[in-house]
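To start, the structure itself, in structure tokens.
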Amino acid sequence: MRDPSTEDVIAEVPLASRADVELAVRSARQAFDDGRWRYMAPTSRERILLKFADLIERDADNLAELETLEQGKSLAIARYVEVAGGVDFARYAAGLATKITGMTFDVSIPTPPGLRSTAYTRREPVGVVAGIVPWNFPFAIAIWKIFPALAAGCSVVLKPTELTPLTAIRLAELAFEAGVPAGILNVIIGDGEAGSALVASNDVAKISFTGSTATGKAIAKVAADRMARVSLELGGKNPAVVLDDADLEQTVGGLMLGAFLNQGQVCCSASRVYVTAGLFDRVVTGLEGAVKTLTLGAGLDPNAQVNPLVSAQHRDRVLQFLSEADGKAELLHGAQVPDRGYFVAPTVVVNAEASLRLTHEEVFGPVLTVTRVADAEEAIRRANDNSYGLAASLWTRDLKACLDIVPQLHAGTVWVNTHIPLDPALPFGGFKQSGNAREFGPRWAEAYTEEKSVCIVH
Ligand code: NAD
């Protein structure tokens, strides 16, 4: 493994073989079947998970530094967004252990005289969960997989990427320290091969996947064969619609955060902006001014606002998108990149031709396209003209425009006058090819259960 800011080797990690994957699944299956966790009183499960969250908080500085070293993001983002934010999500999910409920029904089933029917549903843990996570927020997303699954009484095999396994390993140690029984949380380090062995295992009842749409589709096909439950949180190409009456300063500041947080390696980042004609020039000038002031440097450098991408391979992929646009759109680049490290200068691409890949494919880097449109109608049409539907934002001070446009945007999350904040209470997931599930919110743990209907004649 290499530090993305220096390219120096920082750790050696073995890749799991197929036999290692089978061992982890067997461990999770045995621990689920022995019943200690699934039949534990919900208050006890909740208490252990809250202790697990406390231990993460205790070790927050260390975890944030590990995250910065392996992933490249700034220490401040790792510490406050990913680790402190992760603790909030962990505690919210831990609390769901005591809030898993069913319903009762008055049924009309004919019964002999003197007998009656009572019917209700109960939710039971689905079994062994494969939690597969990407490299952009490996710590936070690991928490999003582990905590709701454990709250529901499942066991988990977590697979981080081979690029970013270090915080996941620490999480397993902390789970054990908190009192999660042995075998309930297992971590395997591996690439796509280990991932595909994991999803193919007959003992995996549910796959909870966050990653690219291409991988999500491949997993869904394998899962369909044995009807394994599968939830997919996939990619995005998220539009922002800016109307003439938007607050310029708020919009430029919000789009800068939405587009360049974590170097744009965010599934719900703002990546294409449609601005109505009256405000277009001022938005472009504002973004150009802002992008040129950004400083580039290592995640551990407190003065650096833009940090390296995760790997040389990913940097080259992002640069390819930009080189295709060279000469076909106006490219406004930020500061020069340092000599070492996987940096890409933050770039605003103005009025790119619609045929360019970066206008409709997920770039997953510090690249924002800004396009002039005639009016709100054109902005909405172009915003929706994409196979993804993860998130969108709308920038306006007009209440009527806001209430009229929000239902017209095809996205699982629509922000108004902001772009990017997530909250454990608010469901998050995609329309269209951005996924088939929701994480967070009061029904988060339910996704790790089966609903059983019970009918008793008495
Ligand atoms: P990826 O799809 O390449 O990999 C994701 C995970 O899947 C990794 O752990 C990888 O090893 C594993 N994997 C790869 N092939 C597999 C296979 N055949 N079977 C099982 N597992 C396999 O994605 P990435 O490049 O790591 O992450 C970036 C992508 O993740 C972007 O598309 C981004 O939008 C998406 N993402 C989505 C969300 C969300 O909540 N919707 C959040 C973060 C990232």
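The values are calculated or read from the model by the stated rules, or taken from the named source; none is laboratory data. It should be emphasised that the depicted structure is a prediction, and the values quoted were computed from it without experimental measurement. Cβ coordinates were reconstructed from backbone atoms using ideal geometry, including for glycine residues, and neighbour counts include every protein chain displayed. Remember, those area values only see protein heavy atoms, side chains included, never the ligands or the DNA or RNA. Shrake-Rupley method; radii C 1.70, N 1.55, O 1.52, S 1.80 Å.
General observations
- FRET efficiency for the pair Arg18 and Ala277, taken as 1/(1 + (r/R0)^6) with r the Cβ-Cβ distance and R0 = 45 Å, rounds to 0.20.
- Here Asp385 and Val406 are evaluated by their C-beta separation; at R0 = 25 Å the FRET efficiency comes out at 0.90.
- For a label point 7 Å along the Cα-to-beta-carbon line of Arg58, residues of the stretch 149-187 with backbone N under 12 Å: 174-179
- The chain: angle of helix 85-95 to the longest principal axis, Cα-based, in degrees nearest 10: 20
- For the chain, accessible area per residue (1.4 Å probe, heavy atoms of protein chains only), Å²: 42
- Mean Cα-pair separation over length for the stretch 400-458, i.e. relative contact order, pairs under 8 Å, 6 or more apart, %: 22
- Of all DSSP bridge pairs formed entirely within the chain, close to 35 percent run antiparallel.
- Ligands, DNA and RNA left out, the 1.4 Å accessible surface of the chain is 53% carbon and sulfur atoms.
- Around the Cα centre of the stretch 81-208, unit charges on the Cβ atoms of Lys, Arg, Asp and Glu (plus for the first two, minus for the last two) sum to a dipole of about 500 debye.
- Within the same chain, aspartates and glutamates fewer than 8 places from Lys452 are excluded, and of the rest, those with a Cα less than 17 Å from its Cα are Asp106, Glu124.
- Peptides 121-131, 241-251 ordered by packing proxy, namely the average of other Cβ atoms within 10 Å per residue, highest first: 121-131, 241-251.
- Normalising the average separation of contacting C-alpha pairs (under 8 angstrom, six or more residues apart) by the number of residues puts the relative contact order of the stretch 238-423 at 32 percent.
- Extension gain, Asn303 to Glu353: 0.36 nm times the residue separation minus the Cα-Cα distance gives 14.5 nm.
- By the helix-only formula, in which each DSSP H run with n ≥ 4 contributes -39500 (n - 2.57) and the sum is divided by residues, the chain has a 222 nm mean residue ellipticity of -11500 deg cm²/dmol.
- Inter-label distance, nm, simple model (7 Å from Cα along the C-beta direction), Lys292/Asp88: 3.5
- Gain on full extension, evaluated as 0.36 nm per residue between Ala220 and Thr111 minus their Cα-Cα distance, stands at 35.0 nm.
- Kirkwood-based shape ratio for the chain, expressed as Rg/Rh from alpha carbons: 1.01
- Members of Lys206/Lys432; Lys51/Lys217; Lys51/Lys237; Lys145/Lys221 lying beyond 27 Å, as alpha-carbon distances in this model show: Lys51/Lys217; Lys51/Lys237
- Dipole moment magnitude, nearest 20 debye, the chain about Cα centre, only Lys, Arg, Asp, Glu C-beta charged: 1520
- Extension gain for Arg122-Asp244 works out to 38.8 nm (0.36 nm per residue, less the C-alpha to C-alpha distance).
- Intensity falloff of the stretch 238-423 expressed as log10 I(q)/I(0), Debye formula with alpha-carbon point scatterers, at q = 0.09, 0.10, 0.11 Å⁻¹: -0.29, -0.36, -0.43
- Dipole axis of the stretch 238-423 (+1 Lys, Arg; -1 Asp, Glu on Cβ), positive-most option in Tyr388, Gly341, Ala401: Gly341
- Simple point charges give the picture: +1 on the Cβ of Lys and Arg, -1 on the Cβ of Asp and Glu, and for the stretch 238-423 a dipole about the Cα centre of about 340 debye.
- Percentage relative contact order, the chain, counting C-alpha pairs under 8 Å, at least six apart: 20
- Paramagnetic reach from Val9 in the stretch 147-176 [backbone N under 16 Å; point 7 Å along Cα→Cβ]: 163
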